[in-house]
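One structure is given here, and the rest of the page talks about it.
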Amino acid sequence: MRRSAALLGLPLMMIVAGCGPAGTEPAGPGVRVDQHEEFDRRATAVAEAWRPGPAWTAGYVPLQESTVLVGEPEFTAATKTAFLAGWYRVQADLPAGQPADGTVRFPDGELRVPLIGAAEAYRQLAPGDPPSCPGPPREPATPPPAAPGGPDDAVSSRPQGDCVTLTVSKVELGTAPVRTSRGEAQVPAWLFTVPEISAVVARVAVAPGSVGAVPEPVVPSGSTPKNLVSAQDIEAVDGATLTYRLGVGSCDTGITPLVQEHDHLIVVGGTVVPPTGACDDMLNLHSVEVTLTAPVGARPVLDALSGAPLRLATG
């Protein structure tokens, strides 16, 4: 069963929720009917071409990065930069030895997998040496006394920029929620407690040989529909509410999310009104939200232009 809709604004309302021939639904303000029909045809072709291998439903195929935040982090601009760059220093003992096999728990079953050790997980979490900068101060810093040589000497004696390194104060083996090809799973992970962000940074512990690859997409034949833009990634999944990001131009207007639902997958994209004058070529990520007729669950979300399954964004 297929359901198609164009969705506008926040909060977004389902314009159509039913079954019928492609292209029979009314378009909303700013959406030309032919654009909606072009998306519907493209999305149908993407859905028909989707043929993942057996690992998709029987193995472990993650649809997000292997570093997962557990809890709500309290980021500053500096700590967010350090998190994204992998700037850590460990002040806790890393458990030694090779851990026993672990269990990935999916909504539809379990899978036993070999795991990596804590030292390897930390190496993946912090792949390079952090810059020479302190951890975030616990209390407001006391300004240094004025240097006798004048203001230039005082500036040169202070650290440049707002550079910090995150501290790992505790390491233990546990689990973390990971979006996979079989829905959200509880996956074995090494948990690194980071006081500066008041959260735990988890690094998935599944050994590389047990991690399945995302299938190569099959791009539909034919030209790309005019003014149709691609979905870049998923920002959040909350039941039947799906938030994803479209790649749009700096001067595009009338940005409208489009979605086609099937029982086994979801196809998304968007349409824009391009500028009539000159503009730069910069790609911008524009967040949109759609309300589906059923929870996302284990259904993959595919991009209508590339046919690729979308991954959950990190951070």
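The values are calculated or read from the model by the stated rules, or taken from the named source; none is laboratory data. All values derive from a computational prediction rather than experimental measurement. Here Cβ is always computed from backbone atoms with ideal geometry, including for glycine, and neighbour counts include all displayed protein chains.
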Pairs returned, first residue in the range 290-313 that is over 30 Å from residue 223 (Cβ atoms), second residue that is among the basic types (Lys, Arg) and in a loop (DSSP other than H, G, I, E, B), beta-carbon separation under 6 angstrom, 6 or more apart or interchain, are 298/182
Those residues of the range 249-263 which are without any contact (Cβ under 8 Å) to a residue 40 or more places away in the chain, of a type in the set (Gly, Ala, Ser) and part of a strand (DSSP E or B) amount to 249
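Could we say that residue 224 is hydroxyl-bearing (Ser, Thr, Tyr), over 19 Å from residue 289 (Cα atoms) and not in a strand (DSSP E or B) here? Break it down stepwise before answering.
Numbers: hydroxyl-bearing (Ser, Thr, Tyr): yes; over 19 Å from residue 289 (Cα atoms): yes; not in a strand (DSSP E or B): yes.
Yes; evaluated as a whole, the condition is true for this residue.
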From the option list 204, 214, 194, single residue qualifying as surrounded by 18 or more Cβ atoms within 10 Å (Cβ to Cβ), within 19 Å of the chain's Cα centre (by Cα) and among the β-branched types (Val, Ile, Thr) is 204
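From the list 40, 34, exactly one residue is modelled with pLDDT of 80 or more and out of contact with any Phe, Trp or Tyr (no Cβ under 9 Å at 6 or more places or on another chain). Which is it? First the steps, then the outcome.
On the way: 34 fails: modelled with pLDDT of 80 or more.
None of the others qualify; the one that does is 40.
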Among residues of the range 160-187 being of a type outside the set (Asp, Glu) and in a loop (DSSP other than H, G, I, E, B), the residue surrounded by the most Cβ atoms within 10 Å (Cβ to Cβ) is 164
Across the range 264-315, the tally of residues that are among the hydrophobic types (A, V, I, L, M, F, W, C), farther than 14 Å from residue 228 by Cα and part of a loop (DSSP other than H, G, I, E, B) stands at 11
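Please count how many residues of the range 231-261 are polar (S, T, N, Q) and surrounded by 18 or more Cβ atoms within 10 Å (Cβ to Cβ).
Going through the range 231-261, the residues polar (S, T, N, Q) turn out to be 232, 241, 243, 250, 253, 256, 260.
From the residues that got through so far, the ones that are surrounded by 18 or more Cβ atoms within 10 Å (Cβ to Cβ) too are 232, 256, 260.
The qualifying residues number 3.
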Among (1) touching a residue at least 40 places away in the same chain (Cβ under 8 Å); (2) farther than 28 Å from residue 216 by Cβ; (3) aliphatic (A, V, I, L, M), residue 100 falls short only on (1)
